[in-house]
1. Quick check on my filter: what residues within region 81-126 are hydroxyl-bearing (Ser, Thr, Tyr), open to solvent by less than 70 Å² (accessible area, probe 1.4 Å) and in contact with a Ser or Thr (Cβ under 7 Å, 6 or more places away or on another chain)?
2. Going residue by residue through region 168-180, is there one that turns out to be more than 19 Å from the chain's Cα centre (by Cα), within 16 Å of the ligand (Cβ to nearest atom) and open to solvent by 20 Å² or more (accessible area, probe 1.4 Å)?
3. Taking the stated definitions as given, is Leu55 under 16 Å from the mean Cα position of the chain (by Cα) and modelled with pLDDT of 95 or more?
4. Could you grab me the full set of residues in region 159-180 that are farther than 22 Å from Ala18 by Cα and in a loop (DSSP other than H, G, I, E, B)?
5. Against the definition (more than 16 Å from the ligand (Cβ to nearest atom), under 25 Å from Thr25 (Cβ atoms), charged (D, E, K, R) and part of a loop (DSSP other than H, G, I, E, B)), how does Asp124 come out, yes or no?
6. Pairs, please: C-beta under 9 Å, at least 6 apart or cross-chain, first residue in contact (Cβ under 8 Å) with a residue 12 or more places away in the chain and part of a loop (DSSP other than H, G, I, E, B) and in region 138-158, second more than 12 Å from the ligand (Cβ to nearest atom) and small (Gly, Ala, Ser)?
7. How many of the residues in region 127-147 are open to solvent by less than 30 Å² (accessible area, probe 1.4 Å), within 16 Å of the ligand (Cβ to nearest atom) and of a type in the set (A, V, I, L, M)?
8. With the condition being within 16 Å of the ligand (Cβ to nearest atom) and in contact with a Gly (Cβ under 8 Å, 6 or more places away or on another chain), I'd like the strands (runs of 3 or more DSSP E) fully within region 6-108 carrying at least 1 qualifying residues.
Amino acid sequence: MHVTILGSGTNLHPTRAAAGYLVRTDHHLLFDLGPRTLTNLLKTGVNRHGISHVLFSHFHADHFSDFITFFFDALIVTKFQGGTRGPLTIIGPHGTADLFRVLFATLPGFTDPPFKVRFKEVADRPFRIGATKIWPRTVTHSPGLHAVGYRVEYNGTALAYSGDSEYCPNLVQLCRDADMAILDCSYPANRPGPAHLHAGQCGQVAQEAGIGQ
Ligand SMILES: [Zn+2]
């Protein structure tokens with residue numbers, strides 16, 4: 001498994017990109033696509049049209065907005081520039097299908113893509129993408145908003161990604177014995193706030209779950 005951090009910053013920043021992670025197993029997977037992460041994806045040299053699955057933790061714009069550019073690019077390349085791409089599966093928490101149906105019906109040119117687009121809403125049941133096992137878990141983030149973290153297992157290695165989360169038992173479960181965890185860390189330990197972990201809680205999760213790195 002190979003992980004590339006496309007961004008680990010926040011919504012608006014002069015240089016850093018927001019949340020976005022490229023995970024390479026037997027598939028190329030994107031976890032969140034926050035603002036400015038697409039530019040960093042280009043820099044990896046990975047064929048963006050070979051990405052088969054995009055998995056969203058939740059739909060705050062700082063985890064999502066570059067998807068619009070990503071998809072518009074795929075449409076232009078396949079409709080007008082002779083390019084091809086395989087099916088794209090969009091995975092996310094409750095509300096994913098409704099959100100994308102409205103988005104695709106509303107944004108000019110987003111209807112009738114010449115490649116298959118599938119939606120999959122996930123909560124707390126594992127599924128497979130090829131030989132890659134994905135285990136989503138509901139985490140506590142924002143009232144009334146379903147948010148998930150993801151655990152990725154491939155070839156004997158486990159990666160956990162919190163998305164945005166407060167400290168909660170499900171997050172510890174998500175990270176249990178993971179080789180690596182990527183955790184939301186939005187506050188210093190001496191200045192905690194709502195909806196996100198602070199640095200001390202990241203350490204607490206790491207210790208309780210037995211995270212490798
Ligand atoms: Zn959020």
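1. Going residue by residue through region 81-126, those that are hydroxyl-bearing (Ser, Thr, Tyr) are 84, 89, 96, 106, 111.
Restricting the remaining residues to those that are open to solvent by less than 70 Å² (accessible area, probe 1.4 Å) gives 89, 96.
Matches in region 81-126: Thr89 only.
2. No, region 168-180 contains no residue that is more than 19 Å from the chain's Cα centre (by Cα), within 16 Å of the ligand (Cβ to nearest atom) and open to solvent by 20 Å² or more (accessible area, probe 1.4 Å).
3. Details: under 16 Å from the mean Cα position of the chain (by Cα): yes; modelled with pLDDT of 95 or more: yes.
Yes, satisfied.
4. Cys168, Arg176, Asp177, Ala178, Asp179
5. Values: more than 16 Å from the ligand (Cβ to nearest atom): yes; under 25 Å from Thr25 (Cβ atoms): yes; charged (D, E, K, R): yes; part of a loop (DSSP other than H, G, I, E, B): yes.
In short, yes.
6. Leu145/Gly95; His146/Gly92; His146/Gly95; His146/Ala123; Asn155/Ala131
7. Looking only at that region, the number is 2.
8. Details: elements: 20-24, 28-33, 53-55, 88-92.
Once the strands (runs of 3 or more DSSP E) in region 6-108 are filtered for at least 1 residues that are within 16 Å of the ligand (Cβ to nearest atom) and in contact with a Gly (Cβ under 8 Å, 6 or more places away or on another chain), what remains is 20-24, 28-33, 53-55.
The values are calculated or read from the model by the stated rules, or taken from the named source; none is laboratory data. These numbers come from a predicted model, not from an experiment. Note that we place each Cβ from the backbone using ideal geometry, even for glycine, and neighbour counts take in every protein chain shown. Please note that ligands, DNA and RNA were not included when accessible areas were found on the heavy atoms of the full protein model with its side chains. Shrake-Rupley method; radii C 1.70, N 1.55, O 1.52, S 1.80 Å.
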